[in-house]
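The values are calculated or read from the model by the stated rules, or taken from the named source; none is laboratory data. Just so it is clear, the structure is predicted and the values come from calculations on it, not from any experiment. Cβ atoms come from the backbone with ideal geometry, glycine included; neighbour counts cover every protein chain shown. Heavy atoms of the whole protein, side chains included, go into the accessibility calculation; ligands, DNA and RNA do not. Shrake-Rupley method; radii C 1.70, N 1.55, O 1.52, S 1.80 Å.
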Amino acid sequence: MDCHPFPHCIIKNFLSSQSFAENLQRELLELNFNEKSNDLYKFKQSDDLKKRKEPHIAAITALFGRFRSWLGDVLGVELEPTVDISSAKYEYTVLLCHDDELEGRRVAFILYLVPPWQSSDGGSLDLYSTDNFQPESIVKSLVPCWNTLILFEVSPVSFHQVSEVLSQDKCRLSLSGWFHGPTLERPPRFKEPSILKHPHLPRDETVLFEWVNPLYLDISYQEQIQTEFEDSSEIEEKFREVSEALRQSDIRWMKRGPPNKCYESASVDSLPECVSVCWELLRSEAFFLLLSNFTGLRLHYLCPADEEDEEGETKDDKSPVCCGEVRRWSHGGYTLLHDAEAAQAEYALDLILPFDCAWEAEFGGITCYVANEEDEELLTVYPEDNSLALVYRDKETLKFVKHVNHKSSHVDSSTCREFYDFSFVY
């Protein structure tokens, strides 16, 4: 038993019979695996194994049932008879930083049934140190090893991840699950400080003529765009590139968030002049009005009120505001959904403007919209060079950026290994 960074145990040669382990591996690989994918993970998982009739699978599930009694005596905890157990395959996939806490989970277990494995193959079980119940840094990496069982206590500090599997020809096969018992008391959820919101900047339409394609400033075309936006709440338009300026080395890039939200955000006061002007454009009064004309949303006082506003049913006297970032995305970048974000969700218009992204969808870095507490993706926004994406969302719609995987850093010189974007919320 090792208690750093949280209690865990490694049992090598867990199964005494090598032939049993090999037959168990064979039976598991013959199962049907379901693709599992959301903001946190992407891998293949079997159905629950408790009702399987294959002899070696049935035997291992019975063994974990008996193992539960011994484990409960060792821990001094009365574990429940129910044991969750399934099999998972990781091939070029990942499970990002999380703590495993759900109602009743007390001890997690993983039994590895992998071929000879090296750290260069990826797929290690990484354990995080914590600060104020938030993940801080990886302090231990456990490389998968044949017939090795790992146990760890599920708690508010049990943050861990399965690092990205890099091997092209090896399957990271495991049995995993949880023993259940009385739930530990959990501290209040961490709330990351929100990005400051600002009212529009006093800039007139001159700034629009300098930056925006004149086609999109034509009133009749704006009416056409508004009709399309009201039908789909999503649209993409073009802006001039500022890619070269974003690649300048004197921009100060800062890591955003704990390891469960990992990307780089530029310090606004370090932006080159043309990037700063683009930043001001997206915050300008003229752009608020342009967005109102594009979408029909009341983002400017000159935008006509709809019938409900005129009747006083949904009148909102608050002035429209926005918040935004200039972000850089490269291998390892991602964001996750959070309970706190769901609680703070609001009706909003999202703007994403990518730059310098000769990008492939298989690299990740895709913005996904999902309904609260649902896995099914409602909308996917792919990074496309110099293409403005506008998405209107309600209080039940959340978004995340998919993990940028190692494929983005193994490309030829004609393809970018990173990209940038302006991300605003109005």
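One table, with the values for the structure above:
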quantity	calculated
LYS51 being basic (Lys, Arg) and either under 28 Å from the mean Cα position of the chain (by Cα) or in a strand (DSSP E or B) (or both)	no
Subset of segment 22-45 (residues that are part of a helix (DSSP H, G or I) and at pLDDT below 95)	none
Single residue of segment 273-301 satisfying the filter (closer than 16 Å to LEU246 by Cα and of a type in the set (D, E, K, R)) that is most open to solvent (accessible area, probe 1.4 Å)	GLU273
Single residue of segment 101-121 satisfying the filter (among the hydroxyl-bearing types (Ser, Thr, Tyr) and farther than 29 Å from TRP70 by Cβ) that is surrounded by the most Cβ atoms within 10 Å (Cβ to Cβ)	SER119
Checklist (1) under 25 Å from TYR382 (Cβ atoms); (2) in a helix (DSSP H, G or I); (3) aliphatic (A, V, I, L, M); (4) at pLDDT 90 or above applied to VAL326, failing item	(2)
HIS331 surrounded by 15 or more Cβ atoms within 10 Å (Cβ to Cβ), at pLDDT 85 or above and part of a loop (DSSP other than H, G, I, E, B)	yes
Subset of segment 366-410 [open to solvent by less than 60 Å² (accessible area, probe 1.4 Å) and within 14 Å of LEU353 (Cβ to Cβ)]	THR367, VAL381, PRO383, ASP385, ASN386, SER387, LEU388, ALA389, LEU390, VAL391
Number of positions in segment 174-198 that are within 30 Å of LEU299 (Cβ to Cβ), touching a residue at least 40 places away in the same chain (Cβ under 8 Å) and not β-branched (Val, Ile, Thr)	6
Selection from segment 257-293 of residues that are of a type in the set (D, E, K, R), assigned to a strand (DSSP E or B) and at pLDDT 90 or above	GLU264
Within segment 108-160, strands (runs of 3 or more DSSP E) holding 3 or more residues that are in contact with a strand residue (DSSP E or B) (Cβ under 9 Å, 6 or more places away or on another chain) and aliphatic (A, V, I, L, M)	134-142, 148-153
Residues of segment 370-421 that turn out to be among the basic types (Lys, Arg), modelled with pLDDT of 90 or more and either within 17 Å of GLU360 (Cβ to Cβ) or in the same structural domain as LEU166 (by the TED database) (or both), as a count	1
Index of the failed condition, ASP99 passing every other in (1) farther than 28 Å from LEU398 by Cα; (2) in contact with a Pro (Cβ under 8 Å, 6 or more places away or on another chain); (3) assigned by the TED database to the domain that holds SER155	(1)
Residue ID - surrounded by the fewest Cβ atoms within 10 Å (Cβ to Cβ), chosen from residues in segment 55-93 that are closer than 30 Å to SER120 by Cα and in contact with a Phe, Trp or Tyr (Cβ under 7 Å, 6 or more places away or on another chain)	LYS89
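Residue-wise test of (1) in the same structural domain as SER292 (by the TED database); (2) open to solvent by 60 Å² or more (accessible area, probe 1.4 Å); (3) under 30 Å from LEU75 (Cβ atoms).
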position: GLY123; (1), (2), (3): no, no, yes
position: ASP126; (1), (2), (3): no, no, yes
position: SER167; (1), (2), (3): no, no, no
position: ARG172; (1), (2), (3): no, no, yes
position: VAL207; (1), (2), (3): yes, no, no
position: GLN222; (1), (2), (3): yes, no, no
